[in-house]
Every structure is written in structure tokens, then in C-alpha cells.
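Asks: Quick one: the structure is below, and I'll ask about it shortly.
The values are calculated or read from the model by the stated rules, or taken from the named source; none is laboratory data. What you are looking at is a predicted structure, and each value in this text was computed from that prediction instead of being measured. With ideal geometry, Cβ positions are generated from the backbone for all residues, glycine too; neighbour counts draw on all protein chains shown.
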Amino acid sequence: MSSTEIRIAMWSGPRNISTALMRSWDARGDTAVCDEPLYACYLAATGADHPGRERIIEDGETDWARVVAMLTGKIPGGRPIFYQKHMAHHLLPEFGRTWLAALRHALLVRDPREMLASLARVTPHPRLDDTGLPQQCLLYDEVAQREGRAPPVLDAADVLRDPAGQLAALCAALGVPFRRSMLSWRAGPRPTDGVWAEHWYGEVERSTAFRPHGPKNIELPDRLAPLLDECRPYYERLHARRLVTS
């Protein structure tokens, strides 16, 4: 592994502008990206019933050790930076943790009321573990203990309000130069998108930049109120440690 190569693992939950952020890094020109590489492993191991499940398993790699070898091996295209978009709940305990030391880590969170409202349109009855929030808090603590400093945390609302400031702060925290090319991208799908894109990526495929964050009047179904209460302490803990630029 070259000392000049940088591998970035962005650990998100679902519906957290994670795909837009992947577009942003892809637009740099010096960065290879991959889209939820542990998804097929997660589905095969858990039996979770997600949209497109069988196709995701068939198209993807279900051996987590092979996925890890790819994530820590040669960067695709010979580029110096490898940006890996991960869902935190895909990192099951049986997938090991020692390999995480080869990556630079960051977390992406979103207000759970907004996140759950969006998630419930595709997953009507989500559970706490489906949000990735407990797993993100665990990763935060593990990285902080191993490296002696906490990983950077982005809040989706902050990124949408101040993309340039937030991305510049993230790049600084990860030890890479900020590029203004990260602020826009061409519309449409990408060869690097997962096969689940047809179920989740309609809006981001139409986008060419981060869309402004505005006030939202969100009414959650009553069935999700207990889950919202469960999410709050995890989110608020990470939100309090987010990168602040203004």
C-alpha cells in the first residue's frame, strides 16, 4: 500500500445526502469512488428484505473478506484518493474491524425526523439499526480511541447550507486539498452507482449540485414516533460534535 494513497470511508445512514456527497468527491477528478460495497454482504448475512435484494446479491460480492481486500488494495484507476460511501449498518460485527485502521474515517448524519420521513417511503417499518445511528456512534468511539482524535462529523443540513465551507473543513480534517470542482457535477447516473440506484437515486440523478436546505414541515406517521425518540440521543450526540463553519 503506497503511503501517498488516501482511502476515505464515509459512514452514513440512509437518506442522508450520501449519494450527492459521493457525486461531489467523484467530481474532483483525482478520486475513485465506490458505492456501498458491503451492501450485498449485509443482505446475504441478515436476510433483510430491501428493494432489489436478489439483484443486489447477484450483482455484488457477498464475501466480506474480498470486499475488504478491494477497499484496502489498489485504488481503481490508479488515482491517489479512494472515496468509499458506506452505510454504517452494513458493517456487521462478523465483518471484522482491524482493516478499518487502513482508512481515514468520517461520519454523515441527518436530523432523524427528516431522515425517517424519507426512509419510510421505501422502507415502511424501519428499526433503529436500519438508521445506522447506533453503529455510527460506535464507529466514532472506535476511531477516536484508536487514532487519538475523533473523526469529522458532517450534518447534512450544514452541508446544504454551506457546501463550500463544509467540504473545505472536511477535506482539511481528512488531510486532502479542497477543490471547488466538488461543488457541482453533471446530471445522470454513473457506472459506479449500485444496482439499487433505480429504487433510491431518482432525485440525485437529476441534480447538478447540493440543493439549498430550507425549512421543512414534516409530519411523521404515528407508528414512527417511538423510533424517532430512539434515534434522538444518538443523533444529538454526533450533531454536537459536527464540523461547524459558520
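Asks: Hey, among 225, 164, 144, which residue is without any contact (Cβ under 8 Å) to a residue 12 or more places away in the chain, assigned to a helix (DSSP H, G or I), more than 18 Å from the chain's Cα centre (by Cα) and surrounded by 13 or more Cβ atoms within 10 Å (Cβ to Cβ)?
Replies: 144
Asks: Of all the residues that make up segment 74-100, how many are without any contact (Cβ under 8 Å) to a residue 60 or more places away in the chain and in a loop (DSSP other than H, G, I, E, B)?
Replies: 5
Asks: Now for a different question. Do we find a residue being under 18 Å from the mean Cα position of the chain (by Cα) and outside any helix (DSSP H, G or I) anywhere in segment 43-58?
Replies: The answer is yes; a qualifying residue exists.
Asks: Being over 30 Å from residue 225 (Cβ atoms) and either surrounded by 15 or more Cβ atoms within 10 Å (Cβ to Cβ) or not acidic (Asp, Glu) (or both) is the requirement here; does residue 101 meet it?
Replies: yes
Asks: Criterion first (of a type in the set (A, V, I, L, M, F, W, C), at pLDDT below 95, in a loop (DSSP other than H, G, I, E, B) and under 30 Å from residue 54 (Cβ atoms)) does residue 122 satisfy it?
Replies: For residue 122, the condition - of a type in the set (A, V, I, L, M, F, W, C), at pLDDT below 95, in a loop (DSSP other than H, G, I, E, B) and under 30 Å from residue 54 (Cβ atoms) - is met.
Asks: Please state which of the following conditions residue 115 fails to meet, knowing it meets all the rest: (1) of a type outside the set (Phe, Trp, Tyr); (2) outside any helix (DSSP H, G or I); (3) surrounded by 17 or more Cβ atoms within 10 Å (Cβ to Cβ).
Replies: Here residue 115 clears every test but (2).
Asks: Now for a separate question. Just the residues that are in a helix (DSSP H, G or I) and in contact (Cβ under 8 Å) with a residue 24 or more places away in the chain, please, taken from segment 170-196.
Replies: 170, 173, 174, 181, 182, 183
Asks: Right, another one. Working carefully through the options 79, 7, find the one that is farther than 18 Å from residue 203 by Cβ, surrounded by fewer than 17 Cβ atoms within 10 Å (Cβ to Cβ) and either of a type in the set (Lys, Arg) or in contact with a Phe, Trp or Tyr (Cβ under 7 Å, 6 or more places away or on another chain) (or both).
Replies: It is 79.
Asks: Can you tell me which residue in segment 180-202 is farthest from residue 162 (Cα to Cα), limited to those that are charged (D, E, K, R) and surrounded by 13 or more Cβ atoms within 10 Å (Cβ to Cβ)?
Replies: Result: 198.
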